[in-house]
1. By the scheme Lys and Arg +1, Asp and Glu -1, what is the net charge of all other residues having a beta-carbon under 13 Å from that of residue 345?
2. Return the sequence-ordered ³J(HN,Hα) values of the stretch 280-286 in whole Hz as given by the Karplus equation 6.51 cos²θ - 1.76 cosθ + 1.60 applied to θ = phi - 60°, using x for Gly and Pro.
3. Quick check for you: which residues of the stretch 225-254 have the amide N under 17 Å from the point 7 Å beyond the Cα of residue 274 toward its beta carbon?
4. Among 87, 11, 233, which comes first, then next, by fewest other beta-carbon atoms within 10 Å?
5. How high is the FRET efficiency between residue 141 and residue 110 when r is their beta carbon distance and R₀ equals 22 Å, given to the nearest 0.05?
6. At what distance in angstrom do the alpha carbon centres of the stretch 82-157 and the stretch 177-193 lie from each other?
7. Need the full-extension length gain, residue 314 to residue 103, defined as separation in residues times 0.36 nm minus the C-alpha distance. One decimal, nm.
8. Which whole-Hz couplings ³J(HN,Hα) result when phi for each residue of the stretch 355-370 is put into the Karplus expression 6.51 cos²θ - 1.76 cosθ + 1.60, θ = phi - 60°, listed in order with x for Gly and Pro?
Amino acid sequence: MTTGSSDVLIIGGGIIGLSIAREAARSGLSVRLLEKGAPGGEASSAAAGMIGPQLHAEAAGPALSLALQSRDLYPEFVAALRDESGIDARLTARGILVVARDDRDVEALRRQADVQRGLGLTAETIRAGDLARLEPALAADLAGGLLLPRDWSLDNVLLLTGLHIAARRAGVEVLPGTMVTRVLREGGRVAGVDTVGGRYASGMVVVAAGAWSGAVGVDGATPLRTHPVRGQIACLRTAAPLLTDALVSEGCYLVPRADGRLLVGSTMERVGFERAVTAEAIAGLLEKAFRLVPAARQAALHSTWAGFRPAVDDPLPAIGPGPLAGLYYACGHLREGLLLAPITARLVARLLRGDSPGLDLEPFSPMRFLGGSSAGGDAPGRGGVARRDPA
Ligand SMILES: Cc1cc2nc3c(=O)[nH]c(=O)nc-3n(C[C@H](O)[C@H](O)[C@H](O)COP(=O)(O)OP(=O)(O)OC[C@H]3O[C@@H](n4cnc5c(N)ncnc54)[C@H](O)[C@@H]3O)c2cc1C
């Protein structure tokens, strides 16, 4: 049985799919979002919540430019979701602190600061003696730091809850428990999708299924190849927060929540869709965390989890038209899906409306992996600053 047509079908209810759905619905399109489980139930909730394009920015390029534009959209994005849903994702105001454990780290941070200032970005070098002023719980033997006052963190679980409510209030029909198996074609263009529970018709489909995007078949075309990169997190809990803001150091980061939880992350592992949390990874992360914040040793171990970052075959996300007219991809955001959600939503919603994206999407084109050019061109509508890993 085929369910009546909508302007757009979005496959995947993570931060990328929900953000696109909300934006497209607000621009007047009728939108159905199909989610195999519960909206926000995968990588987007497993994430730590850093909005940090500068964390590892080392040179100018399309990736950094995209990330900075998305960061600029964040305060407005969070405020709009608060208005639309009543839920505040608590975007922090002070910035992310990167700390150096020894003189070699200090030198690396100084070089990073120089490069970033050269790019017109704000980066403040912090002397060892001044670290305790910013974060009193820091170990006394740290060698220095770098404050990135325009990089932020937030509570991504709250963000996802607010986004889900906002998307529905904007008119998006969210269908949880609906697994898409194939994108259907009619002639040279998209006609809808098949799910395990029936068929949905639409002339436009956006694949935003995170690490599973490559598993969504496309009639008569090769789907994009995607794979998961597992990230593990240990969550501690103390009566009062140990840190004011997110803290990053070589091989580990700590992100505080307002209620005293402290997220310690994370690993980058290519182990397929293996959800297990391993004793070795958690022990390694906690050992690094204790060196930075000794009082964390006394914290309660609240929980642990693992999530799957969505990767494509190079470090840039895949955003834009695919091999069939009306088919779009928005996936492969790897370690920066939270950060890149507002700009991805804006770009894809413009494409869906048939407008120019307003930005050169060539470096992010899904067709770089599929060969040839997209069926729909740059605005088909209906018809690196190189960086090290932040998360
Ligand atoms: C431990 C960890 C820490 C991270 N920290 C950060 C961070 O601090 N900052 C940052 O910016 N990013 C971070 N990330 C990365 C970020 O979480 C991801 O890039 C982002 O969540 C990707 O969003 P998404 O919507 O593409 O994927 P997901 O959130 O995985 O959503 C995809 C959705 O598609 C659904 N789906 C899949 N297949 C189908 C199908 N066939 N039919 C219907 N639905 C389907 C899934 O059920 C899922 O809900 C982190 C990731 C991890 C794992």
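1. Values: positive: 22, 26, 346, 350, 353; negative: 23, 76.
Every neighbour counted, the sum reads +3.
2. 5, 5, 5, 4, x, 5, 5
3. Those under the cut-off are 227-233.
4. Ascending number of Cβ neighbours within 10 Å: 87, 233, 11.
5. Given R0 = 22 Å and the Cβ-Cβ separation, E is 0.70.
6. So the separation of the two Cα centres works out to 45 Å.
7. Net length gain for the segment: 72.7 nm.
8. 8, 5, x, x, 7, 6, 8, 3, x, 9, 4, x, 5, 5, 9, 9
Values in this text are rule-based calculations from the coordinates and carry no lab data. Here the structure is a predicted model, which is why all the values come from computation and not from measurement. All Cβ positions, even for glycine, are placed from backbone atoms using ideal geometry, and neighbour counts span all protein chains on display.
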